[in-house]
Each structure stands twice: as structure tokens, then as C-alpha cells.
Amino acid sequence: MRAPVGLLCWIAVLGGLLLAGSSPAGATDEVRFVVLGDSQLVRPEQFERLVHEVNLLAPDFVACTGDMIHGYTDDVERLREEWRRYRRQIEPLTMPFFPMPGNHDVGTPRAHDIYAETWGPDRFYYTHDHGPVRCIVLDSYHAGVRDRLLPDQRAWLREQLDDFARAHGGLGSPELANRSIFIFVHSPFWRYDPAREEGHADWLAVEEFLSDYPVRMVIAGNTDRHHETMWERRRGIDHVVLTSTGAFPQDNERAGYFHGFLHVRVAGGDVRAAVVRPGSVLPLDTVSPADREVAARHGLRDGVLRIAEWTAGEPLNLEVAAAVENTLAEPRTLHLRWAIPRDSGVAVRPAELWLDLAAGEIARPRFVLSAESAPARDLMPTLHVSATSILRSGVVSRDWEARYRDEIARSLAGEEVPTTSIALDAEFRFEARHTLFVPPELRVARRRGAVEIDGRIDEEAWGAAAVLDGFRQSGGEEAAPIRTEVRALYDDEHLFLSAWMHEPNPAQLKADAAGEIPLTWNDDDIEFFFDPAQTGLDHTRIFENPAGTRFNGKPIGTPDRYARMAYESAIHVGPDHWSIEMRIPWSDIVGAAAPSPGESWGFNVWRHRPQSSPARFYWSVDAYHQGRYGVLTFD
């Protein structure tokens, strides 16, 4: 049943569905198309969503690998209804669609007739051209013979290949080399058993001449037998068995078992193809400000469970309280579960619990962690908190969503109207992690004696100050390669800070930052972070480089956030180090006042040294994560 679609443009409108035989003359040299795998009406929610994703990509045309409906019946009305349903599913496509018969579509005599009635009598095996691309569609069930490419169809295939070659300079010509041919066949004959299935030999006969032409890819489906997406190259030609596009459950991605579609871009002889999984393409209007606001209210915040001590090798018996909050205006159920690393030897009681919280309620459940011998800190358990909410899914554009919601409402009101299977509202899981953390501590002594701010750190008063050291390299736990020492003192009006930084190459110190907001972290610098209330939400930053250039940053929302602060400082550069002293009024640190004895603040220190790699060293946490700051404790 030959269709001379390459010689004419065959256009039909069937119930609003546009079918086109070829692209208009003068089409661009770049062609993009999508191939849908088998669907069989099995998982409409998956297939219909993928159709919307395909339409968002706006390919020049869409093809398929067959098995569009379940079929396998001679019940004419059932077949017609299945085809009506399939055509409704692909209605969102705004580009030409090219069908191909699969065994489910034409597996019985009446099914064959209804396929022709639905798509046209010349849509069994045919060609369609698009600029530099010829697509050749084959029929694996021609003349009522299952899973074969009989001699007459093989001869027709070669005629189409020769016709395309003659039209573009002939075999071996540069013009032809800059063209591309794609072959679509439902049955992947090259994967068939040569001892039992004659279709394999049919394909070997095709392969004898296929590589003489610019055939770039052969695309097959047949999910009944080949559930997986699989690629292989035969005689220099890519052969793809496309997985189901919403047919059967898929659960082993690396074995090729997953839903998706094939996206192909052709520019002359250059072909780029990608397999796209569901959910990879979203409409531009998927998230509006209102969506973001709603979802943000449902989100859960990570937390830090600060503990006083965790000593590896020592017995562990620790009680921990975790604060969790329902930030919604309605009741919510939270699931709390401890993830305990294998071989850690830690037991947690209770290891899991569910909390039903009223609107705005804060709960502080307590847990007991125990072990005969505490493991290393990298084997600490982690508390996982989760909750689910039903929200707008955003998987189709808002115009289609409005249409679908209207159809659903009409259906619920008793009208007989088709409705989508796509989940317009879906359950989303929100998760947070609460991690155990032993904060490092720097104790701050009251100043006894004068401190001259000259950068030398040689006053007797500094002798009473505890030393903060033990810096680590950015990106890990490895010790910093050179030493940094920080000290702190305080009195009723000021916080005194000093930093002594070993530097074997002081002539190479970098201090180039300038401007209204100098970016000192690109230089050598020392950086102090303060969170007096230990909110874990924001901080005051005081950075300075060896030239005395300052970057000062106050919490977000503070007026004059980057204004120069009032503190005094001085730098000294010695033969093997550089050092700094600071006298900081409490008013420079947002949220601070003269501390009372025993009070603790959140605190962290970074040092940048461009001569090192990595160039940043840290004391408590290598990130802007205030919840994992160390503490300043005032004596």
C-alpha cells in the first residue's frame, strides 16, 4: 500500500487534528522533531503530560513508534472510541503528527480498517519530507503478515532511498551527504531471534543497502516485547528502541526502563538526539508569585541540633530536643525519622514518630541517643522531618489548565464531556534535615590592662585571651596549611579582636579591593561573622585586608547595610606574618549590647589567602550557614 507523500502534500482534517505530508517549500535547513513511544492508552496521565511537554518544545513535527491504542479487537465501536480518545490526548500538539501502525493498532482485520478510516489509507507505509530530512515510515504488519518486512516493502524502501538520492545530487555527492534520512519501524527486527523469527532476516536484507544512503537513525518501538530504551550502532547507523511513552510501569532506568520521548535536531548532516524523561519540560508560567508564596509557606526549614559534646570512643547517652513548627494556618502532620548510619552503633529512642500539629503550633519532641562507644562525628545520626501538601501541579500551561478545570467542573455537574487524566493538583513532599552539631567555642575574657590598636598584638592584656586556631581548608576537614590565631577580649564599651596570620611570603600579600563596596575576599583578608542572638538567620560581617580596606556588611534589611563602621583597626606586616587588632563598639554589631557574663553569641571566622589552593580557611563552618557557627562565650 504505497503512498506517494514525497511527491504531494496530503492534508486532512480529522476531528480537528491536522495531518501534513511535507513541510512547505523553503523550510529552514534546521529540522527538529519528536518521536513518541508506545502508549496503548495504559497510563493516560503520563502520556498526556508528555504531550504537553512535547508541544512546549515546538518541534517541526511529531512522529510515533506505533501501538497508540490498546486495540486487539474487532469491535468497531470500541476501536473508534479508542482512536477518538487518542486523538483527544494529542490535541494539544500544534504541529503535524505522523502515525505509524503497531500490532495493537492493526492486529485484527477490523482494526486494520479502522486505522485506515482514522488516519487515511496512505498512512501505513509512506514518506514525509522536511527541508533536508526525509522520514520513511514502514509497516511491520503489511498484508496481514505479522512482524515482517516482505520483499515488496523492501523494494519500495529502496525506491524511496534512491528517489531521495537522485533528487539531491546522487550517491556519493556532497549535497546528499548534507541530507539526512530517518527510518521508522514498529518492530525492532535487528533485536529479534534469528533462529525463530523471520523478521530478523528481513532486516539483514535491508541492512545490505541501507548504509549506502545518508540514513542517520532507525527508530523502533514495540513495548510489548521491548520495554526498554536501547541504543546500538549497526553498520554506522544509530538504531534506537524507544521505551514506552506512558504504556507500562517502568522502574529500572539504567536498564532502559523509563518513560520518555526522543527529541532530534537535524542541521544538514549533523544530528543531535536526546531522550527526554517526564517532568523535564515545564511551561513558562509553571510558577507564579502566588504559587511561590503558597509553596514557601508549606516548606520546611533545615535545623541544627546543637549539642555540648560528642567524643568518639566514649559512651554516649544524650538527650536532644528538636524544635519543629507548623507554619500553616491549618493543621498539619509531620513525620520525624532518624537516619542512622550503618555500623555507627547508635540507637535513638524513639527512632520515628508522627506529630499532628495545630495551626502555628511549635513542638519540641525529645529523643535519647545512646551507644556503648560513640562513633566519629561523620557517623552522627540525622533527623529527617517531612510533610505532604496538595498544591497546584503547574505541569501544563495556564490556558490549558483553565480549560481542563472547566471540563472537570462540567463533568462533575453531570455533563458528558471528556476530562484530562493529568493531575492538575498533586501531592508534594516537603523535607528538612536536622543535623547534630558540636559548636566550637572561643571564651572571651574581660580586658585587664591597656590595648593599643597598632596591629602588633604585643600588649600584656592579650596574654589572658584564649586562642582560637584549628582552621581547616575550604571544601573539607583537612587542616589549613598555615597557622591563624584569633583572640578576643571585652569591656563595657568594646569587643577587642586580634588575628595573627602566618605568611611566609609577605611580599605576595594581595590587597587590591577598592570602591564603595570593596570585595576584600578576592584579596588576603580576615573575616569575622557575628550572630549575637544565635537566630541562625542573619549576621554582621567585618572583613579587612592587609591594606586596611574594609568590607562591612549588616543584616539584610538594615539601613545603610554596607556603610563603613566606627570600629578602630590597625595592620602590621612582619617578616613571617601579617596581623590585625580591632576595637569594635557594641553598636557596630547589629542586635548586640554589652554582654553579660556567661552570655554566648554565634561567631565564625574565615581567612582568605590567594597564594593557597584552596584559598579559604575556616574555623566553624565553610558556608554562610549561621546555624553552624561556633560560639563566643563571655566570661
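Quick notes
- Qualifying residues in the range 370-399 (those that are part of a strand (DSSP E or B) and free of Cβ contacts under 8 Å to residues at least 60 places away in the same chain) - the one surrounded by the most Cβ atoms within 10 Å (Cβ to Cβ): ALA371
- Residue that is surrounded by the most Cβ atoms within 10 Å (Cβ to Cβ), among those in the range 597-635 that are within 22 Å of SER579 (Cα to Cα) and among the hydrophobic types (A, V, I, L, M, F, W, C): PHE603
- Residue that is closer than 30 Å to ASP270 by Cβ, open to solvent by less than 20 Å² (accessible area, probe 1.4 Å), in contact with a Gly (Cβ under 7 Å, 6 or more places away or on another chain) and outside any helix (DSSP H, G or I), where the choices are GLY71, GLY66: GLY66
- Contact map, the range 167-180: residues that are without any contact (Cβ under 8 Å) to a residue 60 or more places away in the chain paired with residues that are loosely packed, with under 14 Cβ neighbours inside 10 Å and part of a loop (DSSP other than H, G, I, E, B), Cβ distance under 9 Å, separation 6+ or inter-chain. Pairs shown: LEU171/ASP212; LEU176/GLY170.
- Restricting the range 541-589 to residues that are in a strand (DSSP E or B) and of a type in the set (A, V, I, L, M), the residue that is nearest to ALA499 (Cα to Cα): ILE580
- When the residues of the range 105-135 are filtered to those that are closer than 30 Å to SER421 by Cα and touching a Phe, Trp or Tyr at 6+ places or on another chain (Cβ under 6 Å), the one that is most open to solvent (accessible area, probe 1.4 Å) is GLY107.
- Every listed requirement among (1) under 25 Å from ALA461 (Cβ atoms); (2) within 39 Å of the chain's Cα centre (by Cα) is met by ARG583 save one, (2).
- Residue check for SER397: at pLDDT 95 or above, within 23 Å of the chain's Cα centre (by Cα) and among the polar types (S, T, N, Q): yes
- When residues of the range 127-167 are limited to those that are part of a helix (DSSP H, G or I) and polar (S, T, N, Q), the one nearest to the chain's Cα centre (by Cα): GLN160
- Check on ALA359, more than 33 Å from the chain's Cα centre (by Cα) and either surrounded by 11 or more Cβ atoms within 10 Å (Cβ to Cβ) or of a type outside the set (D, E, K, R) (or both): no
- Of all residues in the range 140-177 being touching a Pro at 6+ places or on another chain (Cβ under 8 Å) and among the hydroxyl-bearing types (Ser, Thr, Tyr), the one that is modelled with the lowest pLDDT: TYR141
- In the range 216-258, of all residues being farther than 24 Å from ASP147 by Cβ and crowded, with 17+ Cβ neighbours inside 10 Å, the one that is modelled with the highest pLDDT corresponds to ARG216.
- Contact map, the range 558-572: first residue among the β-branched types (Val, Ile, Thr), second residue at pLDDT 95 or above and open to solvent by 40 Å² or more (accessible area, probe 1.4 Å), Cβ cut-off under 9 Å, separation 6 or more or different chains; pairs are ILE571/ALA547.
- Scope the range 535-562; condition of a type outside the set (Asp, Glu) and open to solvent by 40 Å² or more (accessible area, probe 1.4 Å); matching residues: THR535, LEU537, ALA547, LYS554, ILE556, GLY557, PRO559, ARG561, TYR562
- The listed residue being of a type in the set (A, V, I, L, M, F, W, C), surrounded by 15 or more Cβ atoms within 10 Å (Cβ to Cβ), modelled with pLDDT of 95 or more and outside any strand (DSSP E or B), out of LEU328, LEU334: LEU328
Yes or no, residue by residue, for (1) within 28 Å of PRO597 (Cβ to Cβ); (2) among the hydroxyl-bearing types (Ser, Thr, Tyr):
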site	(1), (2)
GLU460	yes, no
GLY476	no, no
GLN534	yes, no
THR540	yes, yes
GLY557	no, no
TYR562	no, yes
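- Exactly one residue out of ASP212, ASP202 is more than 19 Å from the chain's Cα centre (by Cα), part of a loop (DSSP other than H, G, I, E, B) and modelled with pLDDT of 90 or more: that is ASP212.
- Count of the range 545-563 residues which are closer than 23 Å to ARG628 by Cα and modelled with pLDDT of 95 or more: 1
- In the range 178-199, residue nearest to LEU36 (Cα to Cα) [restricted to those that are assigned to a helix (DSSP H, G or I) and either open to solvent by less than 10 Å² (accessible area, probe 1.4 Å) or at pLDDT 95 or above (or both)]: PHE189
The values are calculated or read from the model by the stated rules, or taken from the named source; none is laboratory data. Bear in mind the structure is a predicted one, so any value in this text is a computation, not a measurement. We place every Cβ from the backbone using ideal geometry, glycine too, and count neighbours over all the protein chains shown. Quick note on the areas: whole protein, heavy atoms, side chains included, nothing else; ligands and nucleic acids left out. Shrake-Rupley method; radii C 1.70, N 1.55, O 1.52, S 1.80 Å.
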